[in-house]
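Nothing in this text is a laboratory measurement; each read-out follows from the coordinates by a stated rule. All of these numbers come straight from a predicted model, not from anything done at the bench. Positions of Cβ are generated from backbone atoms using ideal geometry, with glycine treated the same way; all protein chains shown enter the neighbour counts.
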Amino acid sequence: MNMMINDRYAEIKDRHEFEDSVDELIVECYRYKIFKANPSKKFKEDFKEDFECKYPIYVNDITKKMAGRLRTRIKFYKDHEALEEKARKQRAQRGYADVDVWNMDSWFMRTVLPMLRQLRKKHNGFPSSFLSGYDSTPEEQETANAKWEGILDRMIFLLEEMDEDKCSMKNPYEGRFNALQRKFRKELGWFGEKAKTPEELAEEKEKRSCRMYSPWDFPDKYPTAEEIKNKYFEYESKIDSYREDCKNEFFSLFSEYYWMLWD
């Protein structure tokens with residue numbers, strides 16, 4: 001009897017030993033959210049594009065090809081977990097991890113942003129230079145405090161805008177660009193391998209190389225590809241310029257008020 005994957009998972013999820021490798025694979029797929037109890041239509045479509053296999057409903061739907069791809073993805077997740085565990089230990093021992101060094105710009109944004117938010121929310125004072133003297137009035141102190149909060153708010157905003165994932169400026173051509181890439185992969189493969197002749201594939205195998213094609217390499221098949229690509233990358237350049245401006249303004253404020261970032 002071919003059992004539904006959800007039912008099989010309910011039977012085996014609490015086991016420490018499994019009857020076969022497929023049972024273990026099913027549990028790990030739920031653990032890493034590759035399978036879901038109630039997958040949406042969009043989730044199934046993304047799964048099919050990602051794994052080039054239809055989302056499995058029954059246990060027998062997990063073919064040898066699918067199982068291999070699922071195990072490759074699970075290994076990636078496990079390797080990432082091991083890397084994160086190593087990073088946590090390194091941060092506890094010396095204050096930073098190897099992965100922080102390899103990606104110091106992201107580390108800075110990820111670390112400083114919540115610190116600034118906490119300072120903005122719970123600060124007890126403001127720079128004394130915002131007052132004319134020690135005998136300031138409550139009104140002057142309130143004005144100084146509002147000024148300091150405004151500066152902190154601006155720094156927080158700029159730091160968020162510097163972050164590629166948090167930036168409010170989005171590429172209006174991203175949807176069309178990604179849809180074109182999905183169509184290309186579906187029709188010709190990830191790198192256009194379905195458009196290559198047997199001779200080309202044999203030569204690549206012999207030389208251990210691979211020419212990677214894109215939609216704009218096939219103007220007859222994808223006549224709008226070049227236009228979409230140019231508009232997409234032109235706007236990406238605008239976003240990069242905006243983020244650069246945010247970065248420059250942030251570090252100008254960070255430098256100006258560096259000695260005042262304590263409470």
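Taking the alpha carbon gyration tensor of the stretch 145-202, what are the square roots of 5 times its eigenvalues, largest first, to the nearest whole Å? It would help to have the intermediate numbers written out before the result.
On the way: eigenvalues 462, 27, 6 Å².
Semi-axes, largest first: 48, 12, 5 Å.
Helix 64-94 versus the longest principal axis of the chain: what is the Cα-based angle in degrees, 0 to 90, to the nearest 10?
30 degrees
Taking the alpha-carbon set of the stretch 174-238, what are its Rg and Dmax in Å?
For the stretch 174-238, the Cα-based Rg and Dmax read 13.7, 42 Å.
Run through the stretch 108-212 and list the GluC sites (Glu not before Pro) located in a DSSP loop whose Cβ has at most 15 other Cβ atoms within 10 Å.
Numbers: sites: E139, E140, E142, E149, E160, E161, E164, E174, E187, E193, E199, E200, E203, E204, E206; in loops: E164.
The qualifying sites are E164.
What's the magnitude of the charge dipole for the stretch 148-222 around its Cα centre, counting Lys and Arg as +1 and Asp and Glu as -1 at the beta-carbon? Answer in Debye, nearest 20.
On the way: 15 positive and 17 negative charges, 99 e Å.
Here the size comes out at about 480 debye.
Over the Cα atoms of the stretch 5-88, what Rg and Dmax result, in angstrom?
For the stretch 5-88, the Cα-based Rg and Dmax read 13.3, 40 Å.
Taking the Cα centroid of the stretch 4-25 and of the stretch 60-100, what is the distance between the two, rounded to the nearest whole Å?
Going from one Cα centre to the other spans 22 Å.
Counting only residues 5 or more places away or on other chains, whose amide H sits under 5 Å from the amide H of Y58 once H atoms are built in the peptide plane?
Distant-sequence amide H within range of Y58: I5.
Which value, in debye to the nearest 20, describes the size of the charge dipole of the stretch 103-161 about its Cα centre when Lys and Arg Cβ atoms bear +1, Asp and Glu Cβ atoms bear -1, and nothing else is charged? Could the numbers behind the result be given before it?
Details: 7 positive and 9 negative charges, 67 e Å.
The calculation lands at about 320 debye.
Express the relative contact order of the chain as a whole percentage, based on alpha carbon pairs under 8 Å and six or more residues apart in sequence. Don't jump to the answer; show the numbers that get you there.
Values: 165 pairs, mean separation 40.3, N = 263.
The normalised contact order for the chain reaches 15 percent.
Output ³J(HN,Hα) for the stretch 11-27: one whole-Hz value per residue in order, computed from phi by the Karplus curve 6.51 cos²θ - 1.76 cosθ + 1.60 with θ = phi - 60°, and x for Gly and Pro.
Coupling constants for the stretch 11-27: 6, 10, 4, 9, 6, 9, 10, 10, 5, 8, 5, 5, 4, 4, 4, 4, 4 Hz.
Based on the Kirkwood radius over alpha-carbon pairs, what value in µm²/s does the Stokes-Einstein equation return for the translational diffusion coefficient of the chain at 37 °C and 0.692 mPa s?
Details: Rh = 24.1 Å.
The diffusion coefficient I find is 136 µm²/s.
Could you derive backbone 3J(HN,Hα) for the stretch 240-255 from the dihedral phi with the Karplus parameters 6.51, -1.76 and 1.60 (θ = phi - 60°), listing whole Hz in sequence and x where the residue is Gly or Pro?
Result, rounded to whole Hz: 4, 5, 4, 5, 5, 4, 5, 4, 5, 5, 4, 6, 5, 5, 4, 5.
Relative contact order for the stretch 52-150: what percent, with Cα pairs under 8 Å and sequence separation of 6 or more?
Values: 24 pairs, mean separation 12.3, N = 99.
Value for the stretch 52-150: 12 percent.
For helix 198-207, what angle does its Cα long axis make with the longest principal axis of the chain, in degrees from 0 to 90 and rounded to 10?
It works out to around 60 degrees.
Taking the Cα centre of the chain as origin, sum charge times position over the Cβ atoms of Lys and Arg (+1) and Asp and Glu (-1), and report the length of that vector in debye to the nearest 20. Before the final figure, lay out each step's value.
Details: 49 positive and 53 negative charges, 210 e Å.
Using Cβ point charges on Lys, Arg, Asp and Glu, the chain gives about 1000 debye.
Which angle between 0 and 90 degrees, to the nearest 10, do you get for helix 138-162 versus the longest principal axis of the chain when only C-alpha atoms count?
Its long axis makes an angle of about 20 degrees.
Of K64/K205; K48/K229; K33/K54; K48/K231; K48/K170; K194/K229, which pairs sit farther than 20 Å apart, going by alpha carbon to alpha carbon? List each step's numbers first, then the result.
Values: K64/K205 24 Å; K48/K229 25 Å; K33/K54 16 Å; K48/K231 28 Å; K48/K170 27 Å; K194/K229 22 Å.
Distance filter (> 20 Å) returns K64/K205; K48/K229; K48/K231; K48/K170; K194/K229.
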